[in-house]
1. So how many residues does the range 23-73 have that are touching a strand residue (DSSP E or B) at 6+ places or on another chain (Cβ under 6 Å), among the polar types (S, T, N, Q) and either free of Cβ contacts under 8 Å to residues at least 40 places away in the same chain or under 26 Å from residue 181 (Cβ atoms) (or both)?
2. Among the residues that make up the range 146-162, is at least one of them away from ligand 2 (no atom under 16 Å from the Cβ) and open to solvent by 50 Å² or more (accessible area, probe 1.4 Å)?
3. Give the range 163-185 a look and list any residue that's buried (at least 17 other Cβ atoms within 10 Å of the Cβ) and out of contact with any strand residue (DSSP E or B) (no Cβ under 8 Å at 6 or more places or on another chain), or say none.
4. So, of the residues in the range 109-137 that are small (Gly, Ala, Ser) and not in a strand (DSSP E or B), which turns out to be surrounded by the most Cβ atoms within 10 Å (Cβ to Cβ)?
5. What are the residues in the range 167-185 that are without any contact (Cβ under 8 Å) to a residue 40 or more places away in the chain and over 12 Å from residue 117 (Cα atoms), if any?
6. Looking only at the range 68-95, count how many residues are assigned to a loop (DSSP other than H, G, I, E, B) and open to solvent by less than 20 Å² (accessible area, probe 1.4 Å).
7. Among the residues of the range 115-133, are any under 16 Å from residue 86 (Cα atoms), polar (S, T, N, Q), out of contact with any helix residue (DSSP H, G or I) (no Cβ under 8 Å at 6 or more places or on another chain) and within 16 Å of ligand 1 (Cβ to nearest atom)?
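The values are calculated or read from the model by the stated rules, or taken from the named source; none is laboratory data. What you see is a predicted model; the values in this text were computed from it and never measured. Note that we place each Cβ from the backbone using ideal geometry, even for glycine, and neighbour counts take in every protein chain shown. For accessibility, only protein heavy atoms count, side chains too; no ligands or nucleic acids. Shrake-Rupley method; radii C 1.70, N 1.55, O 1.52, S 1.80 Å.
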Amino acid sequence: MTEHSAGIRFLEDTLAGPQIEHKKTLIADLEGIFKDENARELLPPEMVVYEVDAYQPVRGGTQGGLFFGITRIQPGQVGNEYFMTRGHFHALADRGEFYWGIKGIGTLILMDRNRNARFEQMQPGSLHYIPAHTAHRVANTGKDILSFGACWPADAGYDYEEIEANGFSARLINEGGTPKLEPLQ
Ligand code: F6R
Ligand code: ZN
């Protein structure tokens, strides 16, 4: 491996090498993201909900550059809602992204600026194109870890504020053991 390359261990769903950033998102970090805030507060604050390994070979903001990441979402629920990523539009909103399933099962939730939501099932090998101007979030609907890959423009950035303020227009809940979409009240 040269100094500027990263190793992908697909079978282990991790990235290794220089210029890899590791980020853990805990229950404590997800205030206001799940519907049942009381249920979230009852869970251990240090509980890991998801982790991201991101290979960033260029500086964030570099026009024409690409980033590559792997996200691992733990199985679990807050109330009846599955563990999921925070979700975001890109700060440069006209930037798209690819996601693809590596391990486990889940649902990719997509929402446009008019709050029209749609859903794609994720499983090992599934490939998902996230168009520009589209918020994206992934929920782990299985009993094991869900991991997925991502590739996105280095200048895309993150706009978390819009989702923190208004959420997605539907949530994914466990109803009697089956994932069900619940429109936002
Ligand atoms: C990058 C991207 C993914 C997510 C990751 C965590 O544009 O979409 O790498 O950043 O799956 O999700 P968030 O960022 O929503 O916490
Ligand atoms: Zn993104």
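1. Within the range 23-73, residues that are touching a strand residue (DSSP E or B) at 6+ places or on another chain (Cβ under 6 Å), among the polar types (S, T, N, Q) and either free of Cβ contacts under 8 Å to residues at least 40 places away in the same chain or under 26 Å from residue 181 (Cβ atoms) (or both) number 2.
2. No, every residue in the range 146-162 fails to be away from ligand 2 (no atom under 16 Å from the Cβ) and open to solvent by 50 Å² or more (accessible area, probe 1.4 Å).
3. Correct list: 167 only.
4. Just the residues of the range 109-137 that are small (Gly, Ala, Ser), to begin with: 117, 125-126, 132, 135.
Imposing the further condition that a residue be not in a strand (DSSP E or B) reduces the set to 125-126, 132.
Details: 125: 8, 126: 16, 132: 14.
Only one residue tops the list, namely 126.
5. If the condition is that a residue be without any contact (Cβ under 8 Å) to a residue 40 or more places away in the chain and over 12 Å from residue 117 (Cα atoms), then 176, 177, 178, 180, 185 are the ones that fit.
6. Here is the first cut: in the range 68-95, the ones assigned to a loop (DSSP other than H, G, I, E, B) are 74-76, 79-80, 83, 85-87, 90-95.
If we keep only those that are open to solvent by less than 20 Å² (accessible area, probe 1.4 Å) as well, we get 83, 85, 87, 90.
The total comes to 4.
7. Looking for residues that are under 16 Å from residue 86 (Cα atoms), polar (S, T, N, Q), out of contact with any helix residue (DSSP H, G or I) (no Cβ under 8 Å at 6 or more places or on another chain) and within 16 Å of ligand 1 (Cβ to nearest atom), one finds none in the range 115-133, hence no.
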